[in-house]
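*Asks:* I am attaching a structure below and will ask some questions about it afterwards.
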Amino acid sequence: MTITNDPGIWVAAILTLAIFSFLIKDNPLYKLAEHIFVGASAGYYVVITYHEVLVPKLVTPLSTGAVKDNPYNLLLIIPLILGIIMLTKLSRKHSWMARYPLSFTVGVGAGLGITAVIKSDIISQIYGIAFQKPLWFLVDGKFDFTISFFNLIYVVSVLSSLLYFFFSAEHKGVIGKTARLGIWFLMISFGASFGFTVMARISLLIARVQFLLEKFLGIMS
Amino acid sequence: MILKFLKTLDRRIIFLFMAIAVILPTITGQRFPVQPSPMTDDFASVLKELKSNDTVLLSADYDPGSQAELQPMTLAFMKYCFDNNIKVVTMALWPLGSKLIESALNHDRIYIPREKAIELMSKGKNVYVISKKRSGAEEKIEKRGNKYIFIRDNNQGEESILNNEDKYYVKGLYSIYDDIKYGVDYLDIGYKVGGLVVIQGIVNDFEETVKTDTLNNKSVLDYPITRNIKNLKDFSAVFTISSGNMGIKEWVVYGNGPTGVKVLSGVTAVSAPEFLPYLTSKQLSGLLAGLAGAAEFEAATNYYEGEASKGMTPQSYAHLVIIFFILLGNGVYITEKYFIKE
């Protein structure tokens with residue numbers, strides 16, 4: 001074991017341990033690390049956005065030489081003004097003005113998105129369940145029980161889960177029992193989602209532990 | 001008495017068990033074999049359908065917050081492409097995504113076997129070692145005559161031998177290859193602001209949307225790799241490594257929707273269930289889910305000593321701890337409800 005001499009790794013290790021200290025109890029060290037993280041992230045994003053967005057997309061095209069070469073660059077003044085108006089959100093008195101650039105953004109998003117989303121999230125999904133999950137699945141001309149069985153479960157789970165959210169008929173009799181089956185499928189899917197979430201969080205823990213052991217403490221597995 | 005203790009169990013005891021479950025296997029280096037799941041096999045088979053000289057678009061739509069799960073996917077994917085002469089154009093819909101690609105190419109540890117280390121040193125590449133018998137810290141190896149000198153922190157260095165047990169690595173994928181040329185085999189067009197507007201732009205006109213690369217700020221038409229790329233359809237596949245909006249959903253809806261281009265994706269485990277329906281409807285051609293997906297992909301592509309595969313043993317032990325405490329909690333509940341009289 002040899003602790004590193006790299007000051008960058010020392011800072012990262014101390015901040016990592018400060019964050020982990022929250023597991024014992026909320027404390028000032030944790031708060032400090034949290035604030036450093038939020039501040040550093042925000043600062044970094046500002047710098048990146050300035051250098052990779054504002055300068056190449058706005059400042060440079062609006063410079064004198066660029067405008068002379070291409071007078072249409074002057075149109076960039078419109079998004080510049082809209083961007084500045086967005087900052088009026090910071091003032092209570094003038095925040096209403098920010099609705100204009102926001103409505104423009106929402107309008108563009110909706111205009112670009114509606115047809116694509118209908119096609120991908122509705123039509124393709126219905127096509128997928130209706131035509132790509134045959135209940136009688138053949139492999140080389142022979143009936144494949146496993147795939148057919150899982151396709152059947154897939155179709156039943158989709159229909160029963162949808163029926164659970166169908167409130168135009170009372171959930172009694174066949175509809176009630178099918179909706180109840182739908183709840184079971186929903187619960188199973190929530191369980192799967194929770195399992196994935198646990199795996200994701202443990203993955204982050206593992207990465208920090210590997211960092212502390214290998215790069216900071218120099219413990220080789 | 002025991003029941004009361006278990007009912008009021010301090011959560012910090014659970015944290016302690018979890019810490020032990022993660023730290024011990026990391027120190028001992030125990031490895032469980034990783035077998036690719038059918039989902040990862042499908043992903044790999046789509047990749048294996050790609051031919052030499054095909055061009056893929058890699059979109060790094062994540063940031064350091066999800067680096068632990070997603071960076072191994074970036075490394076394994078790019079290595080597979082470089083090994084198989086598949087050309088890669090990289091971009092990012094997230095501001096820090098392109099920095100992570102740069103890190104994969106120039107800074108991340110890429111472990112190599114001893115023989116490969118010797119080969120790379122003979123070509124003048126920088127090779128590093130972590131030797132268990134020596135300090136356990138990073139040392140650079142220099143070949144002087146027939147001797148290998150291990151140098152730490154710019155000191156004079158000491159002669160040592162290359163053991164099979166030691167870990168050898170280079171920094172960045174670029175260091176492994178001699179023949180990967182920027183602009184021919186790989187091009188970075190960097191962070192593109194605008195999300196779905198950018199994707200729609202690439203769907204219609206790649207050059208008009210992207211214009212220049214990041215490194216030299218030259219037109220993409222000046223590079224052989226993108227000279228014939230007119231729009232998204234000209235890519236053989238898109239691989240989005242995604243941890244939220246903008247990312248996988250936008251590439252499926254605005255990329256695959258209008259063009260039918262194959263979209264592959266690697267996502268964080270948290271978001272994986274949300275995108276499984278795209279996989280079953282074949283709008284998504286392949287999906288890697290979280291660290292497990294990354295580890296399986298490393299196994300499927302024979303990636304040497306991947307970070308994701310290393311993490312799967314502690315992951316398994318951590319899951320066992322969780323299962324144990326779930327069973328314990330349920331046991332306490334059932335005992336109290338059915339076997340303890342008021």
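Every read-out reported here was derived from the displayed coordinates using simple, explicitly stated rules and does not represent laboratory data. This one's a predicted model, so the numbers in the text were calculated from it and none came from an experiment. Virtual Cβ from ideal backbone geometry, glycine too; neighbours counted across all protein chains shown.
*Asks:* Dipole magnitude of the stretch B:111-171 about its Cα centre, charges +1 at Lys/Arg Cβ and -1 at Asp/Glu Cβ only, in debye to the nearest 20?
*Replies:* Values: 14 positive and 10 negative charges, 27 e Å.
My answer is approximately 140 debye.
*Asks:* Something else: Given that compact globular proteins tend to follow 2.2 N^0.38 Å, what is the ratio of the alpha-carbon Rg of the protein assembly as shown to that value? Mind showing how you got there, number by number?
*Replies:* Details: Rg = 26.8 Å, N = 563, 2.2 N^0.38 = 24.4 Å.
Here the Cα radius of gyration is 1.10 times the empirical estimate.
*Asks:* For a quick check: with amide H placed at 1.01 Å from N, whose amide H comes under 5 Å from B:Leu215's, ignoring anything fewer than 5 positions away on the same chain?
*Replies:* B:Asp188
*Asks:* So, one more: Which percent of the Cα-Cα distances in the stretch B:90-245 go past 20 Å? All intermediate terms of the calculation are to be shown ahead of the outcome.
*Replies:* Working: 7146 of 12090 pairs.
The answer is 59 percent, as a whole percent.
*Asks:* Still on this structure, please answer the following. For A:Phe137, enumerate residues with amide H under 5 Å from its amide H, sequence gap 5+ or separate chain, H modeled in the peptide plane.
*Replies:* Correct list: A:Asp144, A:Ser148.
*Asks:* While we're here: Could you list B:Asp108, B:Asp205 in order of exposure, starting from the residue whose Cβ has the fewest other Cβ atoms within 10 Å?
*Replies:* So the residues, fewest neighbours to most, are B:Asp205, B:Asp108.
*Asks:* Now for a different question. What is the mean number of Cβ atoms from other protein chains located within 10 Å of the Cβ atom of each residue in peptide B:61-70, rounded to a whole number?
*Replies:* Working: counts 0, 0, 3, 2, 3, 3, 2, 10, 6, 1.
Counting Cβ atoms of other protein chains within 10 Å of each residue's Cβ and averaging gives 3.
*Asks:* List the trypsin sites (Lys or Arg not before Pro) in the stretch B:1-42 that DSSP assigns to loop (not H, G, I, E or B) and whose Cβ has at most 14 other Cβ atoms within 10 Å. Which are they?
*Replies:* Numbers: sites: B:Lys4, B:Lys7, B:Arg11, B:Arg12, B:Arg31; in loops: B:Arg31.
Those that pass, being in a loop and sparsely packed, are B:Arg31.
*Asks:* Sticking with this one: Of B:Ala308, B:Ala237, B:Ala272, which has the largest mean-square fluctuation in a 10 Å C-alpha GNM of chain B?
*Replies:* Of the options given, B:Ala272 has the highest mean-square fluctuation.
*Asks:* For the stretch B:255-342, what's the relative contact order in percent, using C-alpha pairs closer than 8 Å and at least 6 residues apart? Mind showing how you got there, number by number?
*Replies:* On the way: 67 pairs, mean separation 17.6, N = 88.
Relative contact order here is 20 percent.
*Asks:* Same structure, new question: For B:Ala237, what residues show an amide H to amide H distance below 5 Å, using hydrogens built from the backbone and excluding near sequence neighbours?
*Replies:* Under 5 Å from the amide H of B:Ala237: B:Leu57.
*Asks:* Mind pulling up the Rg/Rh value for the stretch B:20-179? Radius of gyration and Kirkwood radius, both on Cα. Could you put the intermediate results ahead of the total?
*Replies:* On the way: Rg = 18.1 Å, Rh = 18.0 Å.
Answer for the stretch B:20-179: 1.01.
*Asks:* How are the C-alpha pair distances of the stretch A:70-196 spread across 5 Å bins, as whole percents from the shortest bin up?
*Replies:* 2, 8, 10, 10, 12, 11, 9, 7, 8, 8, 7, 5, 3, 1, 0
*Asks:* Let me ask you something else. Using only the alpha carbons of chain B, what is the convex hull's orientation-averaged projected area in square nanometres?
*Replies:* Values: hull surface 89.5 nm².
Result: a mean projected hull area of 22.4 nm².
*Asks:* Equivalent ellipsoid semi-axes for the stretch B:111-171, as square roots of 5 times the alpha carbon gyration tensor eigenvalues: give them largest first, rounded to whole Å.
*Replies:* 15, 14, 11
*Asks:* Among A:Leu15, B:Gln30, B:Leu3, whose Cα projects farthest towards the positive end of the dipole of the protein assembly as shown, with charges put on the beta-carbon of Lys, Arg (+1) and Asp, Glu (-1)?
*Replies:* The Cα lying farthest towards the positive end belongs to B:Leu3.
*Asks:* Quick one, what does Rg over Rh come out to for the stretch B:154-227 if you take C-alpha atoms and the Kirkwood Rh? Let's see the in-between values first.
*Replies:* Numbers: Rg = 19.8 Å, Rh = 15.8 Å.
Ratio of gyration radius to Kirkwood radius: 1.25.
*Asks:* Follow-up. Pop out the Kirkwood hydrodynamic radius of the stretch B:238-325 from its pairwise C-alpha distances, inverse of mean 1/r, in Å to one decimal. Walk me through the intermediate numbers first.
*Replies:* Values: mean 1/r = 0.0712 Å⁻¹.
Final number for the Kirkwood radius of the stretch B:238-325 is 14.1 Å.
*Asks:* Residue by residue through the stretch A:13-22, what is 3J(HN,Hα) from phi via Karplus (6.51 cos²θ - 1.76 cosθ + 1.60, θ = phi - 60°)? Round to whole Hz and write x for glycine and proline.
*Replies:* Calculated HN-Hα couplings, in order: 5, 5, 5, 4, 5, 4, 5, 5, 4, 4 Hz.
*Asks:* Computed over the Cα atoms of the stretch A:57-119, what is the ratio Rg over Rh, Rh following Kirkwood? Let's see the in-between values first.
*Replies:* Values: Rg = 15.6 Å, Rh = 13.7 Å.
Taking Rg over the Kirkwood Rh, I get 1.13.
*Asks:* How are the C-alpha pair distances of chain A spread across 5 Å bins, as whole percents from the shortest bin up?
*Replies:* Bin by bin from 0 Å, the calculated values are 1, 5, 6, 7, 9, 9, 8, 9, 11, 12, 11, 7, 4, 1, 0, 0.
*Asks:* From the phi of every residue in the stretch A:170-178, what ³J(HN,Hα) in whole Hz does the Karplus formula 6.51 cos²θ - 1.76 cosθ + 1.60 yield, where θ is phi - 60° and glycine or proline is x?
*Replies:* Per-residue couplings from phi come out as 5, 7, 10, x, 4, 4, x, 5, 5 Hz.
*Asks:* Charges only on Cβ, +1 for Lys and Arg, -1 for Asp and Glu: so what's the dipole of chain A about the Cα centre, in debye to the nearest 20?
*Replies:* On the way: 17 positive and 10 negative charges, 135 e Å.
The calculated dipole for chain A is roughly 640 debye.
*Asks:* Next question. Top mean-square fluctuation among B:Glu274, B:Glu296, B:Glu208, Gaussian network model of chain B, C-alpha springs under 10 Å?
*Replies:* In the Gaussian network model the winner is B:Glu274.
*Asks:* Identify which of A:Ser168, A:Ser157, A:Ser124 has the largest mean-square fluctuation in a Gaussian network model of chain A, with springs joining Cα atoms closer than 10 Å.
*Replies:* The residue that fluctuates most here is A:Ser168.
*Asks:* Based solely on its DSSP helices, what 222 nm [θ] is calculated for chain A when runs of n ≥ 4 H residues each add -39,500 (n - 2.57) and the sum is averaged over all residues, nearest 500 deg cm²/dmol?
*Replies:* Details: 8 runs with 137 residues, N = 221.
Computed ellipticity for chain A at 222 nm equals -21000 deg cm²/dmol.
*Asks:* With n ≥ 4 as the cut-off for DSSP H runs, can you work out [θ] at 222 nm for chain B, using -39500 (n - 2.57) per run divided by the number of residues, rounded to the nearest 500? Kindly include the intermediate steps, with their values, before the conclusion.
*Replies:* Values: 11 runs with 134 residues, N = 342.
Result for chain B: -12000 deg cm²/dmol, rounded to the nearest 500.
*Asks:* Note down, for the stretch B:224-263, the three equivalent ellipsoid semi-axes (square root of 5 times each alpha carbon gyration tensor eigenvalue), biggest first, whole angstrom.
*Replies:* Numbers: eigenvalues 80, 28, 11 Å².
They are 20, 12, 7 Å, listed from largest to smallest.
*Asks:* Run the simple label-point estimate for B:His107 and A:Asn5 please: 7 Å along Cα→C-beta, distance reported in nm.
*Replies:* Once both label points are built, they end up 2.1 nm from each other.
*Asks:* On each of the three principal axes of the Cα atoms of the stretch A:119-190, give max minus min coordinate, whole Å, ordered largest first.
*Replies:* Principal-axis extents of the Cα atoms in the stretch A:119-190, largest first: 45, 30, 23 Å.
*Asks:* Once you've got the Cα coordinates, tell me which of B:Lys51/B:Lys140; A:Lys25/B:Lys7; A:Lys68/A:Lys93; A:Lys142/B:Lys51; B:Lys48/B:Lys310; A:Lys172/B:Lys282 are over 27 Å apart.
*Replies:* Numbers: B:Lys51/B:Lys140 37 Å; A:Lys25/B:Lys7 20 Å; A:Lys68/A:Lys93 39 Å; A:Lys142/B:Lys51 32 Å; B:Lys48/B:Lys310 24 Å; A:Lys172/B:Lys282 36 Å.
Where the Cα-Cα span goes over 27 Å, the pairs concerned are B:Lys51/B:Lys140; A:Lys68/A:Lys93; A:Lys142/B:Lys51; A:Lys172/B:Lys282.
*Asks:* Can you give the charge dipole size of chain B about its Cα centre, rounded to the nearest 20 debye, using +1 on the beta carbon of Lys and Arg and -1 on the beta carbon of Asp and Glu?
*Replies:* On the way: 38 positive and 39 negative charges, 139 e Å.
Here chain B has a charge dipole of around 660 debye.
*Asks:* Report P(r) for the stretch B:197-293: all Cα-Cα distances, bin width 5 Å, range 0 to the bin holding the largest distance, values in whole percent.
*Replies:* The percentages, shortest bin first, are 3, 13, 22, 20, 17, 12, 8, 4, 0.
*Asks:* Turning to a different aspect of this structure: For the stretch B:1-156, with the dipole built from +1 on Lys and Arg beta-carbon atoms and -1 on Asp and Glu ones, taken about the Cα centre, which of B:Ala60, B:Ile13, B:Ala92 lies farthest toward the positive end?
*Replies:* Going by the Cα projections, it comes out as B:Ile13.
*Asks:* How large is the convex hull of the Cα atoms of the stretch A:19-135 per residue, expressed in Å³ as a whole number?
*Replies:* Working: hull volume 29.8 nm³, N = 117.
Dividing the Cα hull volume of the stretch A:19-135 by its residues yields 255 Å³.
*Asks:* Along the charge dipole of the protein assembly as shown, Cβ charges K/R +1 and D/E -1, which of A:Phe104, B:Val261, B:Ile141 sits furthest on the positive end?
*Replies:* Sorting the options by dipole projection puts first A:Phe104.
*Asks:* Could you tell me the relative contact order of the stretch B:111-171? Use alpha-carbon pairs under 8 Å, at least six residues apart, and round to a whole percent.
*Replies:* On the way: 98 pairs, mean separation 24.3, N = 61.
It rounds to 40 percent for the stretch B:111-171.
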